[in-house]
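Notes to accompany the following structure.
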Amino acid sequence: MRQKLVAWLLFTIIILVSVGVMVLPTLFTKGVSRMELAKPLSLELLKQQDKSVLLLFFGYSGCVDVCIPRLTSLAQFYETSESATQKALGVVFMDISLPKDETLSQRFAEFFHKSFVGIQLTKQQLREYTKPFDVSFAPSLMQEGEYEHSANLYLLKQDGKTQELRYVYTAYPYDFEQIRADIKELMNE
């Protein structure tokens, strides 16, 4: 009888710990899935974009596990946005890899939507552009040619020569209703 009770208690503890491991991260990340900032920037490659609001994502061409699902959901979001939002909003994919083909980043971004912009960064630009966004990345230890990287989405307000990082979205799947509201807020400023 005692052995059955101990076995049942161990089983119950294992189930509770398993459920806790799955549920606790969700509870603690809900409040921090969106960070509001007012960080001025001066990044030349972004100044070339003629949009007043930019969604910026750092990744690498061919990234299957992180970039493809996120860029696919961004394309669906963009397609379902109002035409005024589409006119004001630019979606920019910054490639953290250093491929030999300079057009690969643009082709990769356009695969998801024809209006998406892919920018291939040089080594110098990689340092310059990832630092203000606290992007972390490193070559994968498990698979050659792949990278481990942060997968935040950044919302910027751009007005002529000035840029300002306003929101960082850290949780996936993205809360597109919140992002849509944030974009409208920036468009109406």
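The values are calculated or read from the model by the stated rules, or taken from the named source; none is laboratory data. All values reported here derive from a predicted model rather than from experimental measurement. Please note: Cβ atoms are built from the backbone with ideal geometry, for glycine as well, and neighbour counts cover all protein chains shown.
Quick notes on this one:
- None of E146, E128 is acidic (D, E), assigned by TED's automatic domain parsing to the domain that holds Y78 and either farther than 20 Å from P69 by Cα or touching a Phe, Trp or Tyr at 6+ places or on another chain (Cβ under 7 Å) (or both) except E128.
So that you can scan it fast, the table gives a plain yes or no per residue for (1) under 17 Å from D50 (Cα atoms); (2) over 15 Å from the mean Cα position of the chain (by Cα):
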residue: S140; (1), (2): no, yes
residue: H149; (1), (2): no, no
residue: K161; (1), (2): yes, yes
residue: E177; (1), (2): no, yes
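- Strands (runs of 3 or more DSSP E) contained entirely in the range 131-189, each with at least 1 residues that are among the basic types (K, R), touching a residue at least 12 places away in the same chain (Cβ under 8 Å) and surrounded by 14 or more Cβ atoms within 10 Å (Cβ to Cβ): 153-159, 162-169
- Looking across L37, L43, one residue alone is hydrophobic (A, V, I, L, M, F, W, C) and exposed (fewer than 15 other Cβ atoms within 10 Å of the Cβ). It is L37.
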